[in-house]
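J.: One structure, as structure tokens, below. Some questions next.
The values are calculated or read from the model by the stated rules, or taken from the named source; none is laboratory data. Because the structure is a prediction, the values reported are computed rather than measured. Cβ placement follows ideal geometry from the backbone for every residue including glycine, while neighbour counts extend to all protein chains displayed.
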Amino acid sequence: MKIGNQFLFTNLALFLASSFLGGYTYRPEGKADPFAPLSLIRPTLTGTTRLQQHEISEFELVGTLFGKEPTALLMTPDPKEGIIARIGDRIGRHGGRVVSITRDRVLTREPSANSIPGQTIQFTDIIIPFSKMRAAEPPKEQKK
């Protein structure tokens, strides 16, 4: 295991250096957190993702990508904000989820407003259609 040996060697070198040179003090200032996940969608301070900060009806589908898993690019009312959505992502302000992604739409499902607590929850399907107008817009020039 090449990586394991290198890690062990590095730790051994640090230990020996700290023993002979009077101690080693780790200073994390200005360094990245080595334990932070690389692909995590960072939630905002309120604990919601960017997909949960808008009503589902505010999103426009401008592109899809099909690889290992379908991915959609959704635009918000702010013309500069595009958000990536995948199946299973939470979306909207009312506990919705992305159910499916096709070339021309994203199907979402959220609990109905008329569901009664303690009874079977009813769901409402909401479709985000492909926006030909938004996808065809040329990029806006930025002012300097």
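J.: In the range 22-75, what residues are modelled with pLDDT of 90 or more, of a type in the set (Asp, Glu) and part of a loop (DSSP other than H, G, I, E, B)?
T.: Those that are modelled with pLDDT of 90 or more, of a type in the set (Asp, Glu) and part of a loop (DSSP other than H, G, I, E, B): GLU55, GLU69.
To keep it simple, each residue is scored yes or no on (1) without any contact (Cβ under 8 Å) to a residue 40 or more places away in the chain; (2) part of a strand (DSSP E or B); (3) within 13 Å of the chain's Cα centre (by Cα).
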{"residue": "ILE84", "(1), (2), (3)": "yes, yes, yes"}
{"residue": "GLU110", "(1), (2), (3)": "no, yes, no"}
{"residue": "ALA113", "(1), (2), (3)": "yes, no, no"}
{"residue": "GLY118", "(1), (2), (3)": "yes, no, no"}
{"residue": "ILE121", "(1), (2), (3)": "yes, no, no"}
{"residue": "ASP125", "(1), (2), (3)": "yes, yes, no"}
{"residue": "PRO129", "(1), (2), (3)": "no, yes, no"}
